[in-house]
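Asks: Quick one: the structure is below, questions incoming.
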Amino acid sequence: MCPKNASYYGNRAATLMMLGRFREALGDAQQSVRLDDSFVRGHLREGKCHLSLGNAMAACRSFQRALELDHKNAQAQQEFKNANAVMEYEKIAETDFEKRDFRKVVFCMDRALEFAPACHRFKILKAECLAMLGRYPEAQSVASDILRMDSTNADALYVRGLCLYYEDCIEKAVQFFVQALRMAPDHEKACIACRNAKALKAKKEDGNKAFKEGNYKLAYELYTEALGIDPNNIKTNAKLYCNRGTVNSKLRKLDDAIEDCTNAVKLDDTYIKAYLRRAQCYMDTEQYEEAVRDYEKVYQTEKTKEHKQLLKNAQLELKKSKRKDYYKILGVDKNASEDEIKKAYRKRALMHHPDRHSGASAEVQKEEEKKFKEVGEAFTILSDPKKKTRYDSGQDLDEEGMNMGDFDPNNIFKAFFGGPGGFSFEASGPGNFFFQ
């Protein structure tokens with residue numbers, strides 16, 4: 001009815017702004033100042049729309065024009081400061097993104113969005129940084145809000161894919177990257193992420209296949225190559241480290257396996273499988289305190305019967321490790337037969353008998369006497385099936401009334417070597433003997 005009235009366009013712009021429809025409002029505000037360049041409120045509304053949409057430089061121009069028309073206008077003065085603040089936040093965020101200081105970028109974008117609530121660009125940058133910080137639900141929420149308003153937004157599709165990619169949902173992630181590239185074929189980040197995702201998926205699957213086929217050397221190489229693809233993919237890399245640790249354990253490279261599992265839990269401290277794998281490697285290398293620590297962590301997280309039993313086993317082995325290792329003293333395996341134990345005792349007892357070292361220094365004599373006593377203790381325990389069973393199960397031998405402090409190794413020696421053909425004492429010195 002009255003298409004040349006600047007104030008009508010200005011009023012409709014104000015209404016659209018209240019509805020959050022800033023792009024439509026911008027068109028009306030611009031039309032209002034085209035009809036009347038002296039319309040101060042028109043310039044203010046144009047600037048406010050530009051600022052809300054994240055175009056701070058254009059907003060500054062509009063607010064400057066308003067100030068030229070009314071240099072005392074308090075709203076124009078404040079909005080001009082706000083627009084400059086947004087430009088400063090943008091500049092800082094750009095620098096910090098290059099430095100990978102994603103927390104600071106999120107902070108800057110939050111401050112900027114207070115003045116530019118309709119800026120998709122700021123929201124996308126914030127969402128991308130949230131994804132890089134591992135705050136996937138927040139990042140997904142921001143991207144989803146944008147996609148509800150604009151389902152073809154390639155940046156939002158990329159962020160959705162990025163979250164899935166970092167959560168090790170690689171197949172779904174690829175679908176979003178492909179969709180983003182369909183909307184924007186030159187989207188560099190989506191292109192790189194899509195390539196990395198496909199490469200990671202292929203290498204990981206090839207590594208798993210090689211492992212299942214028992215080709216551990218090839219599996220190791222494939223997992224190592226996969227780990228070099230994208231250091232930012234923490235969750236997938238944690239799994240790759242754990243997988244490689246499993247390969248190393250199969251190859252009996254237990255120290256390397258422990259290192260791989262340690263790298264896995266550094267990346268993901270909730271990764272139960274890595275703790276279990278490392279704990280088993282600690283058990284295999286007799287590092288029982290470390291194994292107990294890992295099993296405690298697992299049991300605190302998942303209180304299952306299986307995890308409780310694993311913890312109890314580790315605690316028992318730790319307890320046993322703090323006692324004398326009678327098998328080691330005799331130099332026999334834990335599965336040694338009765339005859340092997342007897343042969344080992346005969347060899348060690350003769351080797352460490354004090355009479356054999358009567359000409360040595362007092363220090364050597366004392367050490368050999370100690371070893372002779374330990375050999376006797378070891379034989380006493382391991383040659384008695386009942387005591388051996390209690391010892392192997394970690395039970396205290398003192399409960400049977402056997403006080404090893406009062407133990408006399410000479411009695412065992414005489415009982416073992418008693419009878420003809422064992423050994424004989426000579427008159428060359430008290431207690432001396434030679435072997436026949």
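The values are calculated or read from the model by the stated rules, or taken from the named source; none is laboratory data. Since the model is a prediction, treat every value here as computed from it, not as a measurement. We place every Cβ from the backbone using ideal geometry, glycine too, and count neighbours over all the protein chains shown. Only protein heavy atoms, including side chains, enter the accessible area calculation; ligands, DNA and RNA are left aside. Shrake-Rupley method; radii C 1.70, N 1.55, O 1.52, S 1.80 Å.
Asks: Collect the residues in region 13-41 that are open to solvent by 70 Å² or more (accessible area, probe 1.4 Å) and in a helix (DSSP H, G or I), keeping them in residue-number order.
Replies: Within region 13-41, 15, 18, 23, 24, 34, 41 qualify.
Asks: From the set of residues in region 79-109 that are in contact with a Leu (Cβ under 8 Å, 6 or more places away or on another chain) and under 17 Å from residue 52 (Cβ atoms), which is most open to solvent (accessible area, probe 1.4 Å)?
Replies: 80
Asks: Among the listed residues 340, 374, 306, identify the single one that is free of Cβ contacts under 8 Å to residues at least 24 places away in the same chain and surrounded by 13 or more Cβ atoms within 10 Å (Cβ to Cβ).
Replies: None of the others qualify; the one that does is 340.
Asks: Within region 235-255, take every residue that is open to solvent by less than 10 Å² (accessible area, probe 1.4 Å) and among the hydrophobic types (A, V, I, L, M, F, W, C) and give me the one that is nearest to residue 276 (Cα to Cα).
Replies: 242
Asks: Same structure, new question: Evaluate the following for residue 10: is it outside any helix (DSSP H, G or I), within 28 Å of residue 121 (Cα to Cα) and in contact (Cβ under 8 Å) with a residue 24 or more places away in the chain?
Replies: no
Asks: List the helices (runs of 4 or more DSSP H) inside region 89-151, counting only whole elements, that have at least 2 residues being among the polar types (S, T, N, Q) and not assigned by the TED database to the domain that holds residue 20.
Replies: In region 89-151, the matching helices (runs of 4 or more DSSP H) lie at 136-149.
Asks: Quick check on my filter: what residues within region 101-118 are touching a Ser or Thr at 6+ places or on another chain (Cβ under 7 Å) and hydrophobic (A, V, I, L, M, F, W, C)?
Replies: 116, 118, listed by residue number.
Asks: Same structure again: Which of the residues that make up region 200-257 are touching a Leu at 6+ places or on another chain (Cβ under 8 Å) and hydroxyl-bearing (Ser, Thr, Tyr)?
Replies: 216, 220, 223, 236, 241
Asks: Within region 309-331, which residues are open to solvent by 70 Å² or more (accessible area, probe 1.4 Å) and not in a helix (DSSP H, G or I)?
Replies: 322, 324
Asks: Moving to a separate point now. Condition check: within 24 Å of residue 382 (Cβ to Cβ), open to solvent by less than 60 Å² (accessible area, probe 1.4 Å) and within 23 Å of the chain's Cα centre (by Cα). Does residue 288 satisfy that?
Replies: Criteria met by residue 288.
Asks: Look through region 148-166, keep the residues that are without any contact (Cβ under 8 Å) to a residue 24 or more places away in the chain and buried (at least 16 other Cβ atoms within 10 Å of the Cβ), and return whichever of them is nearest to residue 184 (Cα to Cα).
Replies: 160
Asks: Please verify whether residue 334 is open to solvent by 60 Å² or more (accessible area, probe 1.4 Å) and either part of a helix (DSSP H, G or I) or in contact with a helix residue (DSSP H, G or I) (Cβ under 6 Å, 6 or more places away or on another chain) (or both), treating the condition exactly as stated.
Replies: It is true that residue 334 is open to solvent by 60 Å² or more (accessible area, probe 1.4 Å) and either part of a helix (DSSP H, G or I) or in contact with a helix residue (DSSP H, G or I) (Cβ under 6 Å, 6 or more places away or on another chain) (or both).
Asks: Might you check whether a residue that is in contact with a helix residue (DSSP H, G or I) (Cβ under 6 Å, 6 or more places away or on another chain), crowded, with 17+ Cβ neighbours inside 10 Å and basic (Lys, Arg) occurs anywhere in region 118-128?
Replies: Scanning region 118-128 turns up at least one residue that is in contact with a helix residue (DSSP H, G or I) (Cβ under 6 Å, 6 or more places away or on another chain), crowded, with 17+ Cβ neighbours inside 10 Å and basic (Lys, Arg).
Asks: How do the pairs read when you match residues in region 405-417 that are on the phi < 0 side of the Ramachandran plot and of a type outside the set (Gly, Ala, Ser) with residues anywhere that are open to solvent by less than 80 Å² (accessible area, probe 1.4 Å) and at pLDDT below 70, using Cβ under 6 Å and keeping only pairs 6 or more apart or on different chains?
Replies: Between residues of region 405-417 that are on the phi < 0 side of the Ramachandran plot and of a type outside the set (Gly, Ala, Ser) and residues that are open to solvent by less than 80 Å² (accessible area, probe 1.4 Å) and at pLDDT below 70, the close pairs are 417/423.
Asks: Here is a list of conditions, (1) within 30 Å of residue 314 (Cβ to Cβ); (2) not assigned by the TED database to the domain that holds residue 300, and residue 169 meets all of them except one; can you say which number that is?
Replies: That leaves (1) as the condition not met.
Asks: Next question. Would you pick out the residues in region 343-366 that are part of a helix (DSSP H, G or I) and open to solvent by less than 80 Å² (accessible area, probe 1.4 Å)?
Replies: Answer for region 343-366, where residues must be part of a helix (DSSP H, G or I) and open to solvent by less than 80 Å² (accessible area, probe 1.4 Å): 344, 345, 348, 349, 350, 351, 352, 354, 355, 357, 364, 365.
Asks: Across region 236-258, what is the total count of residues that are free of Cβ contacts under 8 Å to residues at least 12 places away in the same chain and in a helix (DSSP H, G or I)?
Replies: Of the residues in region 236-258, 1 are free of Cβ contacts under 8 Å to residues at least 12 places away in the same chain and in a helix (DSSP H, G or I).
Asks: So, one more: Checking residue 390 against (1) more than 49 Å from the chain's Cα centre (by Cα); (2) modelled with pLDDT under 85, which test does it fail?
Replies: Against the list (1) more than 49 Å from the chain's Cα centre (by Cα); (2) modelled with pLDDT under 85, residue 390 comes up short only on (1).
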